[in-house]
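Inspection log for the structure reproduced underneath, given as structure tokens.
The values are calculated or read from the model by the stated rules, or taken from the named source; none is laboratory data. Quick caveat: nothing in here was measured; it's all calculated off a predicted structure. Methodologically, a virtual Cβ is constructed for each residue, glycine included, from the backbone with ideal geometry; neighbour enumeration extends over all protein chains shown.
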Amino acid sequence: MAISSAEGSVTPLCKLPCSITDPPTHFSAHRMELQDPKMNRALPGSAVEQEHEGFLPSRSPSPGRKPAQFMDQFEGKTSFGMSVFNLSNAIMGSGILGLAYAMAHTGILLFLALLLCIALLSSYSIHLLLTCAGVVGIRAYEQLGQRALGPAGKVVVAAVICLHNVGAMSSYLFIIKSELPLVIATFLDMDPEGDWFLKGNLLIIIVSVLIILPLALMRHLGYLGYTSGLSLTCMLFFLISVIYKKFQLGCTVGHNETAVDSKSSPSLPIQGLNTSCEAQMFTADSQMFYTVPIMAFAFVCHPEVLPIYTELCRPSKRRMQAVANVSIGAMFCMYGLTATFGYLTFYSSVEAEMLHMYSQHDLLILCVRLAVLLAVTLTVPVVLFPVCWG
């Protein structure tokens, strides 16, 4: 039995893998596709296969959701652990030194509640970012901006990333420039203004050329996982030292001369602050609103998310979200412990730079300050990578 096509040719139905007695409802979409002579002869095989994949996917995703297929086709080789190290290092910044000050002006419970809210918002914003990247199949910020807003969007996104990351790098370098000469001079028992090799401008050039530049030239972010692990180890040493000093010093309110360097000028008392060794669960004063930016930027790591996602081994949205959740959770614990024990050491008299509250000639504190400087130095290449990668 045969039928006539529009061109007058005869197409035998006996070649179809079905019988004429089958009801129409039993025909699959694939068989109906084969019956169309245009699909068999007018289109090449690749086009037929592509159209078949577009309209008849092998899986049945939920409506409005497509499997993530990225256009860059880059095969990442960075392990889950190294990705966690890199993202945690990007989250961790010098702001950890001011968290005890923020807790002193908000109270323990209010501080932890605000910090938890910011951590959850950061995790959700990363979820939205990964969703956008998966929908369009792009894992580069500039290309996402171009896809959304055209060429102007690409320029705007690139400018924002450069300003944000270069600004963060500048703050880290300023900390190194101001603190490193003091630490070295204290170790050597020398005047930091006396010798040329203790000048901050010279030291920052040496650190940038010998440490930061070689790491910033790494072509793959996975290599920085080792230095990120070292940076996190330094900050863990800082946390352990803060906890140890809490039990060693006890209550320092009223006799800060045992803990604070004699060169530090005492800060003026702020009205409404508690000046006793009593922790406040909730408090409000004139300085409370100055502490909000410290917490708001505590979990900023979004410029590094997509580069880490690109180099992640076996990348998927679920796997990268797990990297983000583990990193944010670990940093939340470290932030909370540092702020709590720092606050319970100095209470309302804690300064914005917590390390300045300790004796500047204490050997342990000197080692802690050096470890913090090393951690900040090793964070700069991770911060710079999205600028170079873009």
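Only one entry in 375, 324, 298 is outside any helix (DSSP H, G or I) and under 16 Å from the mean Cα position of the chain (by Cα), namely 298. Can you name the condition, by its number, that residue 118 falls short on among (1) under 19 Å from the mean Cα position of the chain (by Cα); (2) at pLDDT below 90; (3) farther than 16 Å from residue 306 by Cβ; (4) hydrophobic (A, V, I, L, M, F, W, C)? Here residue 118 clears every test but (2). Based on this model, can you work out whether residue 253 counts as part of a helix (DSSP H, G or I), assigned by TED's automatic domain parsing to the domain that holds residue 110 and at pLDDT 50 or above? For residue 253, the condition - part of a helix (DSSP H, G or I), assigned by TED's automatic domain parsing to the domain that holds residue 110 and at pLDDT 50 or above - is not met.
Scanning the range 154-171 for residues that are in contact with an Asp or Glu (Cβ under 6 Å, 6 or more places away or on another chain) and among the β-branched types (Val, Ile, Thr) yields a count of 1. Give the range 345-361 a look and list any residue that's assigned to a helix (DSSP H, G or I) and buried (at least 20 other Cβ atoms within 10 Å of the Cβ), or say none. 345, 346, 347, 348, 349, 354, 357 - these are the residues of the range 345-361 that are assigned to a helix (DSSP H, G or I) and buried (at least 20 other Cβ atoms within 10 Å of the Cβ). With a requirement of 2 or more residues that are of a type outside the set (A, V, I, L, M) and either in contact with a strand residue (DSSP E or B) (Cβ under 6 Å, 6 or more places away or on another chain) or assigned by TED's automatic domain parsing to the domain that holds residue 281 (or both), the helices (runs of 4 or more DSSP H) lying completely within the range 91-154 that satisfy it span 108-136, 141-149. Summed over the range 312-361, residues that are in contact with a Cys (Cβ under 9 Å, 6 or more places away or on another chain), aliphatic (A, V, I, L, M) and farther than 24 Å from residue 90 by Cβ total 1. Is there a residue being touching a Lys or Arg at 6+ places or on another chain (Cβ under 6 Å), in the same structural domain as residue 177 (by TED's automatic domain parsing), surrounded by fewer than 16 Cβ atoms within 10 Å (Cβ to Cβ) and touching a residue at least 12 places away in the same chain (Cβ under 8 Å) anywhere in the range 309-331? Looking for residues that are touching a Lys or Arg at 6+ places or on another chain (Cβ under 6 Å), in the same structural domain as residue 177 (by TED's automatic domain parsing), surrounded by fewer than 16 Cβ atoms within 10 Å (Cβ to Cβ) and touching a residue at least 12 places away in the same chain (Cβ under 8 Å), one finds at least one in the range 309-331, hence yes. Counting only residues that are out of contact with any His (no Cβ under 9 Å at 6 or more places or on another chain) and either in contact (Cβ under 8 Å) with a residue 40 or more places away in the chain or among the hydrophobic types (A, V, I, L, M, F, W, C) (or both), how many does the range 176-225 have? The number of residues fulfilling the criteria is 33.
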